[in-house]
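Inspection log for the structure reproduced underneath, given as structure tokens.
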Amino acid sequence: MAAIKRFSPAWFLHHGRNNALVRWLHEDRTLHLVGVPLRAEPVAPPPPDDFRVNARDDLDRFEPTERWHDRAAFLAGAEDSLAEGKLCVTRVIDGQLAFIAWIRPEQDQARFGSVGHTVRFPPHTATHFSVYVHPGHRRKGLFVAGLKAVISVATHHTETRLLLGAVEGGNTPALKGHLAAGFRPVATLTTRTSLGRRRFGADRSADGLAWPLTPAGPGVWDLTAEDDR
Ligand SMILES: CC(C)(COP(=O)(O)OP(=O)(O)OC[C@H]1O[C@@H](n2cnc3c(N)ncnc32)[C@H](O)[C@@H]1OP(=O)(O)O)[C@@H](O)C(=O)NCCC(=O)NCCS
């Protein structure tokens, strides 16, 4: 983020929003849950050769591009993830790691920390996470192509029946990209904090909703697969 001049209106706005007391007084958060069924629809073609699976030499092309990026931590975290059975989908362009995404197969449930919701999944659910496009390769359709490769890798390398992704509220490019790649909206999870009290909700008003989501407690939901109904 560009530097904000100290004590300017933008500085107060930024620090106000990120202040724990302000967040305790009032905060609205949203997270879009999106998904694609992998066995109920025509099987995705195998991933194109330019996207690779668990390719350590691609990971080695990682360049820090954000303030919080750390090359050693990235490579160590990637080794841990591979050892845990997660799959990594990558594409290198001009010698740079241009696209990366991770797939976590066979996940029973997830707690989405930004909104504090827990979603319990049907059998053979996978999630994808940490999708990133190098800033030098953005706005060229690489995200959408990469997500299609992720769908294809989950189809051909795992027993996944339902592949889920989560997009933070406000990340319009990421939401558009998921829908363009074939993901369908599942729900928008909402959390409203007022004077420290949290109210959880799930907005299911989008068109083309995929699977039913039933409440199982405050901020806890059961997701049912299409063919389990
Ligand atoms: C979000 C991100 C993955 C998009 O990558 P990308 O390769 O530039 O995306 P694409 O070129 O495939 O475009 C996807 C869609 O988003 C739109 N888009 C991309 N960047 C945009 C921007 N900055 N503002 C508005 N729209 C944008 C594109 O026009 C396209 O929409 P369309 O299909 O209607 O034309 C990339 O900006 C990124 O890595 N951001 C940081 C990490 C992140 O947010 N990851 C996603 C987590 S779910």
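Each reported figure results from applying straightforward, stated rules to the coordinates on display, with no laboratory input. No experiment lies behind these values; they were computed from the predicted model shown. Positions of Cβ are generated from backbone atoms using ideal geometry, with glycine treated the same way; all protein chains shown enter the neighbour counts.
Restricted to strands (runs of 3 or more DSSP E) entirely inside segment 33-144, those with at least 3 residues that are in contact with a helix residue (DSSP H, G or I) (Cβ under 6 Å, 6 or more places away or on another chain), more than 12 Å from the ligand (Cβ to nearest atom) and within 27 Å of residue 179 (Cα to Cα) are 87-93. Across segment 145-168, which residue is surrounded by the most Cβ atoms within 10 Å (Cβ to Cβ) among those that are assigned to a loop (DSSP other than H, G, I, E, B) and in contact (Cβ under 8 Å) with a residue 60 or more places away in the chain? Per the stated criteria, the residue is 160. Answer yes if at least one residue in segment 169-192 is more than 16 Å from the ligand (Cβ to nearest atom), over 17 Å from the mean Cα position of the chain (by Cα) and either surrounded by fewer than 17 Cβ atoms within 10 Å (Cβ to Cβ) or closer than 20 Å to residue 112 by Cβ (or both), and no otherwise. Yes, some residue in segment 169-192 is more than 16 Å from the ligand (Cβ to nearest atom), over 17 Å from the mean Cα position of the chain (by Cα) and either surrounded by fewer than 17 Cβ atoms within 10 Å (Cβ to Cβ) or closer than 20 Å to residue 112 by Cβ (or both). Is there a residue in segment 7-26 that is in contact with a helix residue (DSSP H, G or I) (Cβ under 9 Å, 6 or more places away or on another chain) and crowded, with 17+ Cβ neighbours inside 10 Å? No, the conditions are met nowhere in segment 7-26. Among 206, 210, which is in a loop (DSSP other than H, G, I, E, B), in contact with a Gly (Cβ under 7 Å, 6 or more places away or on another chain) and more than 23 Å from residue 23 (Cβ to Cβ)? It is 210.
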